[in-house]
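What follows is one structure encoded as structure tokens, with my remarks underneath.
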Amino acid sequence: HAVESDLRGALANGEFELHYQPIVDPATGNAVSCEALLRWKHPVAGYIPPSEFIPVAEDTGLILQLGEWVLHEACQEARHWPQDVSVAVNLSPRQFSEPQLAFQVVRALERSGLPPQRLELEITESVTLGATQKVVETISNLRRLGVRLSLDDFGTGYSSLSYLRKYAFDKLKIDRSFVTDLSKTAESIAIIRAIIGMGRSIGMVIVVEGVETEAQLATLREEGCDLVQGYYFSRPVPSQGIRAMLAAPG
Ligand code: G
Ligand code: G
Ligand code: MN
Ligand code: NA
């Protein structure tokens, strides 16, 4: 596993990259946004996935600098896209509990010139479990800036309907674990249907992650989910790849 000094060095040497994965309208196949996913391009070891270094960055506090880099990079990149699709940036719980987050977001928007409506922030469901006043304040500060908020990995924690109402997220991203069995069991369809109905009833846009097959897509279309994301459409790809994809939709 990475250590703090490796991560500081990597940040200083420009070894981090963002890859982008389209989030698609199932009716048209067109991207409406793209999720930025962090990669460490190590000069010797090659690409290192976030699971190997995000926890270290969180523990050491380096996530604040790394997260600021991600925000800037993602906003700058989205300015180069040939369509006005949004960019979605993942925030870790530690970033979310820091008061400077809203300032970092403002700076990234100002420097890049990206309109706030084109930035989405993804927050994992476990963040809401703290239910602190601070979390509520951070969310409302971010919303006032005009950025969109998504609740990520939904279904892996214990959020209730009342939680979702209280936090006023724009999008609900149903965790990919719910999609895996979709073509196999009636229960899995019933669960997705229930989550979609629940999210809809409080005005959220429903995104289903981890779509890998035509059969899964067909089921999700039938269930009326708003947006889909997964390897079936595209793996996360580097900047040149996403620019090419957005330049030649369909
Ligand atoms: O792309 P991949 O499956 O390797 O991503 C694994 C995890 O890393 C996901 O939970 C994702 O949300 C998280 N992640 C990816 N990019 C970032 C990032 O820029 N910041 C934070 N905090 N988490 C990220
Ligand atoms: O936690 P978060 O939802 O941010 O993580 C997204 C992760 O899911 C990324 O690491 C991305 O690479 C991965 N991912 C995206 N689409 C698929 C898919 O269709 N199947 C699988 N297994 N993983 C996916
Ligand atoms: Mn995510
Ligand atoms: Na997720």
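Throughout, read-outs are computed from the coordinates displayed, never taken from laboratory work. Values in this document were obtained by computation on a predicted structure and should not be read as measured data. Note that each Cβ is placed from the backbone with ideal geometry, even for glycine, and that neighbours are counted across all protein chains shown.
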Discussion item. For a quick check: sort 225, 34 by the number of other beta carbons within 10 angstrom, fewest at the front.
Written reply: 225, 34
Worksheet item: How much net charge surrounds residue 52 when only the other residues with a Cβ under 15 Å from the Cβ of residue 52 are counted, with Lys and Arg +1 and Asp and Glu -1?
Response: -4
Response to the item:
Distance in nm between residue 51 and residue 239 label points, each 7 Å along Cα→Cβ, equals 2.8
Worksheet item: How far apart, in nm, are the 7 Å Cα→Cβ label points at residue 72 and residue 30?
Response: 3.3
Worksheet item: How many angstrom lie between the C-alpha centres of the stretch 13-74 and the stretch 164-241?
Response: 21
Worksheet entry | Backbone N within the stretch 94-114 under 15 Å of label point (7 Å from residue 137 Cα along the Cβ vector) | 96-103
Discussion item. Let me confirm the definition first: pairs of Lys residues in the chain, 8 or more apart or on different chains, C-alpha distance under 24 Å. How many are there?
Written reply: 4
Item to complete: Restricting things to alpha carbons, find the Rg to Rh ratio for the chain using the Kirkwood radius for Rh.
Response: 0.95
Response to the item:
Here the stretch 114-123 yields Karplus 3J(HN,Hα) values (6.51, -1.76, 1.60; θ = phi - 60°; whole Hz; Gly and Pro given as x) of 6, x, x, 5, 8, 10, 10, 10, 9, 10
Fill in: Sequence-distant residues sharing a close amide H with residue 86 (under 5 Å, placed H)
33, 34
Response to the item:
Here the FRET efficiency for residue 110 versus residue 202, based on Cβ atoms and R0 = 45 Å and rounded to 0.05, is 0.90
Practice prompt. Apply 1/(1 + (r/R0)^6) to the Cβ-Cβ distance of residue 59 and residue 222, taking R0 = 35 Å, and write down the FRET efficiency to the nearest 0.05.
Written response: 0.20
Response to the item:
Note on the stretch 4-247: contact order normalised by length, alpha-carbon pairs under 8 Å, 6 or more apart, percent, works out to 21
Discussion item. Test of understanding: ordering 171, 41 by Cβ neighbours within 10 Å, fewest first, what list do you get?
Written reply: 41, 171
